[in-house]
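For reference, the structure discussed in these notes is given below.
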Amino acid sequence: MPGISRRMRSEEEGTVQCVVVGGSLVGLSAAIALSRLGIDVTVLERSPARAEEGGGGLGVDVALLGQVTGITDQPPVLHGVDRDTTAWHLLQGWLEAHAVRRAGVTLHRRTPATSVTPGHAESASVVTAGGRSHRADLVIGADGARSTVRGAVDPEHPSARYAGVLLWRSMVDEDALPAGVALPAAGEPSREVYAGPYRLVTYLVPGAAGETDVGRRRLNMVWYDPQQRELLRDRGLLEGETIHGSLAPGTLPDPVRERLAQFAAANWPSPWREALELALRDGKVFGTPIVHYEPMRMARGRAALAGDAAHAASPMVGGGFRQGLYDVAALTQVLMATASPAGIPAALGRYQELRLRAAARHVADSERATAAYLAHATQDPGT
Ligand SMILES: Cc1cc2nc3c(=O)[nH]c(=O)nc-3n(C[C@H](O)[C@H](O)[C@H](O)COP(=O)(O)OP(=O)(O)OC[C@H]3O[C@@H](n4cnc5c(N)ncnc54)[C@H](O)[C@@H]3O)c2cc1C
């Protein structure tokens, strides 16, 4: 890919400076892609350390990931008959290792952005906790569904809304399953099962260190639960329709844990049933509230949103990360065609033209699918 570093320079400061807020899947993919254009990228990530564990599984479009980032080696995925899957911590770690070895990419952890000024003719700036201000020609908000950068890009419409569904999630090592439980065959496709008000989605992901052999993989489970508003309210995680966080592993109230274990034992198929019983017993189930954010803008001045910060949808319609990769591809395209830092606000306007309609449609599809699921769930409360 031709670098545009020589063409596109800040007159006084040298290379074009970009700050990416958020060092997860989309932020790191953006950092890698923009550094290939010769842009200096500083990634600000609020979490203190790279996760050795945590998060759940997801499907990955390996070809698209390679096209967008230019990385030619294989990401840590398990090839299924219907899709390639990974665990969030494996893919995040793989992207981070690739990002930090690139000249021009710097990652600061334990560095939450607290406010952003999008700039226009003048530079943008990002202020971090502690009060340090980072000036930049370009700011990318890849800070997830509860984005801070969104407040600068669309101050009239900054918040995602609770979708009415909490996901109970866990990954369990195959070799932790009780003896005699039959393991899924190699290539096992993802499955979805409905019972009462619930929906269970299951698929295999690589083991904790990326293992893919039968017996060393992990069973990934996503259990859709539309009945946990009260729990989220009690925990201070839901205020109005705004979500403030997730339920960490080990924090499920005992009555909820017991009810889920009983339901799993009676309704879910093996070996997912046994895996869930184990995860619930060991405090390894966590709760992710689904939120929707349908974008009305994706850029303002020198700041743009990408990934879940730009468009948050339910995994029910799939492809949230894929949408984020489309964002990064579009950002790369418009910045490649930009001759100077003065042209960045116009380039981000073109980025918004390229992406806004499709991103909004993705979220609208998710809202429709979620409404249909909730209508079904109310008919069968499963008491
Ligand atoms: C159960 C489930 C299954 C899924 N399955 C799929 C799938 O099969 N295929 C698919 O394509 N997608 C899937 N997705 C969606 C996909 O996981 C997300 O779209 C994707 O992970 C979003 O990545 P992101 O980098 O935009 O945001 P996030 O992963 O949310 O990352 C945001 C980052 O920003 C950091 N941050 C937040 N605020 C600040 C701040 N103020 N300052 C600094 N850092 C900050 C956070 O710590 C975090 O690291 C699934 C999602 C779920 C919940």
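Just a few scattered comments:
- Which numbered condition ASP213 misses (of (1) within 25 Å of ILE290 (Cβ to Cβ); (2) assigned to a loop (DSSP other than H, G, I, E, B); (3) without any contact (Cβ under 8 Å) to a residue 24 or more places away in the chain): (1)
- Residue that is nearest to ALA310 (Cα to Cα) [pool: residues in the stretch 162-195 that are free of Cβ contacts under 8 Å to residues at least 40 places away in the same chain and part of a loop (DSSP other than H, G, I, E, B)]: ALA186
- Count of the stretch 308-328 residues which are in a helix (DSSP H, G or I) and either closer than 20 Å to VAL149 by Cα or in contact with a Lys or Arg (Cβ under 6 Å, 6 or more places away or on another chain) (or both): 10
- Selected residue [more than 17 Å from the chain's Cα centre (by Cα), modelled with pLDDT of 95 or more and assigned to a strand (DSSP E or B)] from THR106, THR86: THR106
- When GLY66, GLY59 are checked against the criterion of being modelled with pLDDT of 95 or more and near the ligand (Cβ under 8 Å from one of its atoms), a single residue qualifies: GLY59.
- Residues of the stretch 42-59 satisfying the condition of being within 27 Å of TRP223 (Cβ to Cβ) and small (Gly, Ala, Ser): SER47, ALA51, GLY54, GLY55, GLY56, GLY57, GLY59
- Within the stretch 259-303, the set of residues being within 30 Å of GLU353 (Cα to Cα), within 14 Å of the ligand (Cβ to nearest atom) and among the small types (Gly, Ala, Ser) comprises just one member, ALA303.
- Which listed residue is among the small types (Gly, Ala, Ser), without any contact (Cβ under 8 Å) to a residue 12 or more places away in the chain and within 27 Å of PRO189 (Cβ to Cβ), from ALA275, ALA279, ALA266, ALA261: ALA266
- Selection of first residues in the stretch 233-246 that are in a loop (DSSP other than H, G, I, E, B) and of second residues that are of a type in the set (S, T, N, Q) and surrounded by 14 or more Cβ atoms within 10 Å (Cβ to Cβ), restricted to Cβ pairs under 6 Å at least 6 apart or on distinct chains, gives the following pairs, ordered by first then second residue: SER246/THR288.
- Enumeration of residues in the stretch 137-161 that are within 14 Å of the ligand (Cβ to nearest atom) and either assigned to a strand (DSSP E or B) or of a type in the set (Val, Ile, Thr) (or both): VAL139, ILE140, GLY141, THR148, VAL149, VAL153
- Each residue in the stretch 272-296 was checked for being part of a loop (DSSP other than H, G, I, E, B), buried (at least 19 other Cβ atoms within 10 Å of the Cβ) and over 18 Å from the mean Cα position of the chain (by Cα), and 1 pass.
- Candidate set: the stretch 36-65, residues that are in a strand (DSSP E or B), of a type in the set (Val, Ile, Thr) and assigned by TED's automatic domain parsing to the domain that holds GLN323; chosen: the one surrounded by the most Cβ atoms within 10 Å (Cβ to Cβ): VAL41
The values are calculated or read from the model by the stated rules, or taken from the named source; none is laboratory data. Only a predicted model underlies this, so the values are computations on that prediction, with no experimental measurement involved. Cβ sites come from the backbone with ideal geometry, for glycine too, and all protein chains shown count toward neighbours.
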